[in-house]
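First the structure, in the form of structure tokens, and then the observations on it.
The values are calculated or read from the model by the stated rules, or taken from the named source; none is laboratory data. Remember, predicted model here, so these are calculated numbers, not experimental data. Counting neighbours? That spans all protein chains shown, and the Cβs are built from the backbone with ideal geometry, glycine included.
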Ligand code: ATP
Ligand code: MG
């Protein structure tokens, strides 16, 4: 019997983004710190395995765009680097509690800019807002104001990944599809 629908008409296009994923120990520590910051609140913490730093959000893309994005990622020659997480803050409008750095390291900016440049060649419209490197630790965190220093945590970053976001009833689930090594820094 001929199927009424083809797979392409029933399978939604995957929702993809490029990101940096912290090691388990660091994610657990950030989760704990968010818990301390949010005591007594109604905010929703991001579970440790979901904590990440987004480099570029692609949205729902088809197979040919994904191929182009992967080629763009493979062409990147950015260096590995250390990100020092030393601040925690809250954006009042979005209610996002985040961890981040006082200064975005040069190699991180280089990585984001190279990705955006490569993706632009795939027809991608890069984010217009200035890049704000952060890890979202909680949402609906409206009871926290401003930012404050936290005990610095060093994060050695030597790879980036392409991730698929699956919307599930119990919350987002992220699947790493592929990752790319960053080159060792020149000495
Ligand atoms: P949910 O939307 O279900 O609450 P989520 O925001 O974690 O979950 P996605 O919406 O798939 O999951 O987003 C994946 C990542 O991309 C997150 O880090 C999110 O903050 C970021 N992101 C989503 N939309 C954008 C956007 N328009 N611009 C920049 N980053 C985005
Ligand atoms: Mg979202």
Quiz item: Name the residues in region 161-180 that are closer than 21 Å to residue 77 by Cβ and without any contact (Cβ under 8 Å) to a residue 24 or more places away in the chain, would you?
Solution: 179
Self-check item: residue 28 vs. criteria under 24 Å from residue 172 (Cβ atoms), in contact with a helix residue (DSSP H, G or I) (Cβ under 6 Å, 6 or more places away or on another chain) and surrounded by 12 or more Cβ atoms within 10 Å (Cβ to Cβ)
Solution: yes
Quiz item: Of 123, 106, 95, which residue is at positive phi and surrounded by fewer than 14 Cβ atoms within 10 Å (Cβ to Cβ)?
Solution: 123
Quiz item: Out of region 66-120, which residues are part of a helix (DSSP H, G or I), away from ligand 1 (no atom under 16 Å from the Cβ), farther than 19 Å from residue 181 by Cβ and in contact with a strand residue (DSSP E or B) (Cβ under 9 Å, 6 or more places away or on another chain)?
Solution: none
Practice problem: For residue 115, state whether it is at pLDDT 95 or above, surrounded by 13 or more Cβ atoms within 10 Å (Cβ to Cβ) and within 22 Å of residue 38 (Cα to Cα). | Solution: no
Quiz item: Does region 143-180 hold any residues that are in a loop (DSSP other than H, G, I, E, B), within 16 Å of ligand 1 (Cβ to nearest atom) and modelled with pLDDT of 95 or more, and which are they?
Solution: none
Quiz item: What residue, of 30, 16, 58, is at pLDDT 95 or above and over 17 Å from residue 166 (Cβ atoms)?
Solution: 30
